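Bear in mind these aren't lab numbers, they're just calculated from the coordinates by the rules spelled out. These figures come from a predicted structure and were not determined experimentally. Positions of Cβ are generated from backbone atoms using ideal geometry, with glycine treated the same way; all protein chains shown enter the neighbour counts.
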Amino acid sequence: MTIGNESPARTYMLDELGFATRKDGEDLRGSASITPVMHAPGTARLRTSILAAWADILTGLLATQVTTPRVPVTLELDVQLYRPAPAGGGVEGVARVVKVGRSVFVSSVEFTSSAGPLAIANASFMMAPDPGLRLPSSFDVELPARGDLLAVPFAERAGCERRAPGVAVLPRSEDGLNVSGTVNGGLIALAAEEAALSLAPGGTLCSLGLRYVQPARVGPVVATARQRDGLAQVELRDAGNGDRLSCIATARTFEGARSAGDG
């Protein structure tokens, strides 16, 4: 789950994506502006992993309304784009509750840009197994855009490096942790995307699905992708914690989506 700013004094990497949230009845809305440092490498398209991070924020915040004061953790998250993402302008997401079960919470997000419908996302959550893990007393689902905006490309900011075709490595960093002290789910999405795109240079993802197996506690997270006919399967392992499997992901690239943006 992408909740990490427990104190106004703490800097937090994903705050730099400029995403603000607000209540709208039972729904939750989020909005942000796209900047060039949010583009996938070699393109003028918003990264799909940033949409995944924004979806995780919205759905995770909704989940807290059910789990509070306990912390929800992401089980599954997927993002499906109708068309290649734009180069700039604003993006808005609307998150809605799909199901509240005894052990699992499910919600969905609809993303739109100035050009119309952009993507849909779905996520499921459970409560963190540790009952002693609690949300901050000052916690609020309405989050203003805070701090400085991203100044360098997202992967560079996160320290995520492509080490070989199909391999990306994401270090553990204090400003990239969630409230449970583990590597943020949105950054896991970035590592999966980088591994997949290293096999499709100049491309962007039309879909990204993540199944979180267990938290990445130590790092670095090593993402290894295998691809066939535009579809990649990615394993993400916590190298510093016995190389344990943290997440499995699937990603598909748009055919012919290269450098041009469509606004």
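At 37 °C and 0.692 mPa s, what whole-number value in µm²/s does Stokes-Einstein give for the translational diffusion of segment 48-165, with Rh from the Kirkwood sum over Cα pairs?
On the way: Rh = 15.9 Å.
Value of D from the Cα-based Kirkwood radius: 206 µm²/s.
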Problem - Sorted largest first, extent of segment 4-90 alpha carbons per principal axis (Å) - result: 42, 33, 25
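What translational diffusion coefficient, to the nearest whole µm²/s, does segment 118-189 have by Stokes-Einstein, given a Kirkwood radius computed over alpha-carbon pairs, a temperature of 20 °C and 1.002 mPa s viscosity? Display every interim value, and only then the final one.
Working: Rh = 15.4 Å.
This corresponds to a translational diffusion coefficient of 139 µm²/s.
List the GluC sites (Glu not before Pro) within segment 24-104 that DSSP assigns to loop and that have no more than 13 neighbouring Cβ atoms inside 10 Å. Each step should come with its number before you reach the end.
On the way: sites: GLU26, GLU76, GLU92; in loops: GLU26.
Passing both the DSSP loop test and the Cβ count: GLU26.
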Problem - Hydrodynamic radius of segment 135-263 per Kirkwood, over alpha carbon pairs, in Å - result: 15.5 Å
Problem - Vicinal HN-Hα couplings computed from phi for segment 145-153 (Karplus, 6.51 cos²θ - 1.76 cosθ + 1.60; Hz; Gly/Pro x) - result: 5, 10, x, 6, 7, 3, 10, 10, x
Practice task
For the chain, list log₁₀ I(q)/I(0) at each q in 0.08, 0.15 Å⁻¹, using the Debye formula over Cα point scatterers of equal strength and ignoring solvent, two decimals each.
Solution key: -0.27, -1.03
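Using only DSSP helix segments of four residues or longer, with each worth -39500 (n - 2.57), what per-residue ellipticity at 222 nm results for the chain after dividing by its residue count and rounding to 500?
It lands at -4500 deg cm²/dmol.
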Exercise for the section: Find the centroid of the Cα atoms in segment 18-37 and in segment 217-232, then give the distance between the two in whole Å. Expected result: 28 Å
Exercise for the section: Only loop residues by DSSP count here, and only those with at most 14 other Cβ atoms within 10 Å; note down the GluC sites (Glu not before Pro) in segment 164-263 that meet that. Expected result: GLU255
